[in-house]
Amino acid sequence: MNIALVAPSPVPFVLGGAEHLALGLQRFINEQTAHRCELFKVSVLEHNLPDLLMSYRTFSRLDLSSFDRVVSTKYPSWMVQHPSHVVYMLHTLRGLYDAYHFMNQPLECDYDTPHAQRVRDEMHRIRSSGETGREALERFFDLVQEGLGGGQLSSSFTRFPGPFARDVVHFLDGFAMQPARMAGYAAISRTVRDRAGYFPAGQQVSVLYPPPRLEGFRCGGDDYLFTISRLDVPKRVRLLIEAMCHVKADIPLLIGGTGPDEPALRHLAGNDPRIRFLGPLTDSQVLDLYADALVIPFVPYDEDYGLITLEAMMSGKPVLTVADAGGVNEFVVDGETGLCVPPEPLAIASAIDKLCEDRSAARRMGEEARRRVGKIGWRTVVEGLLGQELAPAPRARRVLGRQWPHRPRMVVTVTFPVHPPRGGGQSRVFHLYRHLARHFDITLVTLGPADQPRFDAQIAPGLREIRIPKTEAHQAYENQQSQSVGWIPVTDIVAAMALHLTPAYGETLEACVREAHVLVACHPYLAREMCKHKPGLPLWYEAQDVEWTLKQQMLGTSGAALELAEVVRSVEAEAWHAAEFVFACTAEDLQALTGLYGPTRASQLVVPNGFAEDEVRFTPPLVRQRLAKVVGLSGRSVLFMGSWHGPNFEAMDHVRAYAEALPDVSFLIVGSVGLKYAGSEMPSNVKLLGVVDDEEKQVLLSAADVAVNPMLSGTGSNLKMFDYLAAGLPVVSTPFGARGIDIQPGRHYIASETQDFPVALMDCFIRGIDESLVRNASDFVREHYAWNVIAERVHAHLREHLL
């Protein structure tokens, strides 16, 4: 369907809410549906009545007959005539409607001249006859123009606003809105829908809430009050400043925006150090200010909609408003998603102090607010305007370049937190998708511990993580299942079994999936949950491991273990067969998955593990020796890194044995693998350093003498190997530990069986570092295994085979 979207362009031009709405609607239709949309804008002058009427006339003359549907937005764009015309009303010229009583003008027009009576009679005649064509409009415009231009209507008739202007605009709007001229009616809010005179009596008017323009909302601290709007009288920022005189709490009020009322507001604020005017703000500044606000006070008079309300709530913040704020109160439920009080300074001040005293209540209301507005999006708007459910996005095979936008939206499910990346799985997800975000807008929907707050932030350009904490019921069930298998971690398996215990995850995922073009299941556990929200979207499956094989090794053979392993087998088989694209760490893993579950229709690709080239520096041997002394590593040192993972525990048992065999060597254990051994008896030369940040890790990679990787089990490949090799550390590894990496023993690393590691380590210490080996290794992995290189190979494969 070819759609014409029609909107006025104000003079002088401003890029305000109405303009952003039109652009957002057009972009969604063109990028995320099979329809095509052209935006038509006409300059509108409304400083006097003749200019305003000329704008009405210009729209009435537009010929859009070549389009299948016309959608108009704001006066006077609905003057367009088309057999399939839907009005999506933002508002009328309010100064001649519901705000007219503020203008101190008479309500009734005294038609006291012959020409004025002719105009009145012509309006009555057209209404009575039910005429809908352009001819009737042209005669009317000619008649009014003749009177205004020829002096046959006195200055009282040209007064703007005034009763004659009000009658004429009401007549023109009513003519345009006749059911015989309209295929449908919609409004941006119930407030707009229910205003007197906006729509013909008895007509059904859909309420279609538009989403805000901004993206990347997140919830942070609760440090201040923040509001943003045009600083003019209807926004009533004055009311907030007056309220601050009565606020007892020492909390700042930050005011964003500019406008004609700013000088008076600054004067009113006086010397109150808590009140700060921020002026114009960038989008990123606005997002940051929303994120760390306690509450967003927004107290306009009879607002049409109030995008500030949605922006605040999508940031997880409650909104403080007043009873006569109009559209704001369609979202603010007092005590649930914010507070609604009388429009009086003392009432507002009392509400602010109440929230300052009970910040946990503010957080609870913010979470509920986020949930309430989570489903608002352009898809619902477009379906309402077109009167049809939009078809699911096309499946991925060879459609991206022709039917998807330049930057498709990708949603990835992950059963663990990603940012900041510490363990191997976190690092893979973070670095792979942050580089793929050069080509996609990516949202990671992750699952976090029950004792941590919700997290929603852009963690890299184009990459957003929304982390949903498990509920206490979910955590209790997970603990029960873990205890049944000897306290082995089962977070991912339980996510597949009992995600309903954390309903916020499903609600958040549903909202994200609604706007997505492709779904990615990182591990198989949440693939089913993802697909149920939007069947038909292409599913890509990132098989970081052969999960059934790995979990069988970890869980054992008890009855409870076998039941959990069967859950793994079921979800892994389902993801394998449902996916259109499967990517795994090694070719061996893809072969193993085929052997377990049979052939798949999916395109397949090996996407090896890698490392962040910008986070790992190569350290030459001589510099390494000097650094070791600087950081206090006296004598010989061996580095082992690992996360809380069964195969790493097995390797750690070997490392402990090496420490006992080499008491003069310090063994530095980095990562959560060491947490299992905290408090247990360990050789004195084993240093359990725990989880470290990137800077600390780089110091250890630059100062240690040798790295070890005595791995004997697991699937996929070991991320630690890339950090070791890129940093210039000589690596002693089992051949199994080097699996999935195209490196050669003797040229890039030192191969050894586990029982021979002490001998290999002593040989390194005695002979010294082989500089050609470490330089070969570092150069090789930087060329082939840096995450940016890997991500570009993935995108190239997608372009050739899927997109």
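Across the chain, the relative contact order, built from alpha-carbon pairs under 8 Å that are at least six residues apart, equals 8 percent. Remark: relative contact order (the stretch 597-704) = 32 percent; criterion is Cα-Cα distance under 8 angstrom and separation of 6 or more residues.
Only Cα pairs under 8 Å and 6+ residues apart enter the sum, and on that basis the relative contact order of the stretch 1-154 stands at 21 percent.
Annotation: lysines with alpha-carbon distance below 17 angstrom to Lys74 (same-chain offsets under eight excluded): Lys41. For the chain, the Kirkwood hydrodynamic radius from C-alpha pairs, put into Stokes-Einstein at 20 °C and a viscosity of 1.002 mPa s, yields a diffusion coefficient of 70 µm² per second. Rounded, prolate or oblate: pick one for the stretch 101-184, where a ≥ b ≥ c are the square roots of the eigenvalues of its C-alpha gyration tensor, a/c under 1.5 means rounded, and failing that, prolate if a/b is larger than b/c, else oblate. In terms of gyration-tensor shape, oblate. Solvent exposure of the stretch 35-133, expressed per residue, is 46 Å² of accessible area, with all protein chains present and a 1.4 angstrom probe. In a reduced charge model with +1 at each Lys and Arg Cβ and -1 at each Asp and Glu Cβ, the stretch 472-571 shows a dipole moment near 220 debye about its Cα centre.
For the stretch 203-338, the per residue solvent-accessible surface stands at 38 Å², with DNA, RNA and ligands left out and a 1.4 Å probe.
For the chain, a crude dipole built from +1 on the beta carbon of Lys and Arg and -1 on the beta carbon of Asp and Glu, taken about the Cα centre, is about 1040 debye to the nearest 20. Relative protection proxy for 675-687, 785-797, 156-168, from highest mean packing down: 156-168, 785-797, 675-687 (other beta-carbon atoms within 10 angstrom). With all protein chains in place and a 1.4 Å probe, the accessible surface of the chain carries 51 percent carbon and sulfur. From the Cα gyration tensor of the stretch 228-349, with a ≥ b ≥ c the square roots of its eigenvalues, which class applies: rounded if a/c is under 1.5, or else prolate if a/b is larger than b/c, or else oblate? Rounded. When peptides 233-243, 68-78 are sorted by average Cβ neighbour count within 10 Å, with the highest value leading, the order is 68-78, 233-243. Going Cα to Cα from Lys470, which lysines come in below 25 Å? Please leave out same-chain ones fewer than 8 positions away. Within reach: Lys317, Lys375, Lys532, Lys534, Lys551, Lys676.
Kirkwood radius, the stretch 28-91, all distinct C-alpha pairs, inverse of mean reciprocal distance: 12.9 Å.
Annotation for the stretch 689-753: GluC sites (Glu not before Pro) lying in DSSP loop with at most 13 further Cβ atoms inside 10 Å of their Cβ are Glu753.
The lysines whose alpha-carbon is closer than 16 Å to the alpha-carbon of Lys720, local same-chain residues fewer than 8 away aside, are Lys697.
The values are calculated or read from the model by the stated rules, or taken from the named source; none is laboratory data. Since we're looking at a predicted model, the values are computed, not measured. Note: ideal-geometry Cβ built from the backbone for every residue, glycine included; neighbour counts use all protein chains shown. We work out accessible area using only protein heavy atoms, side chains counted, and drop any ligands, DNA or RNA first. Shrake-Rupley method; radii C 1.70, N 1.55, O 1.52, S 1.80 Å.
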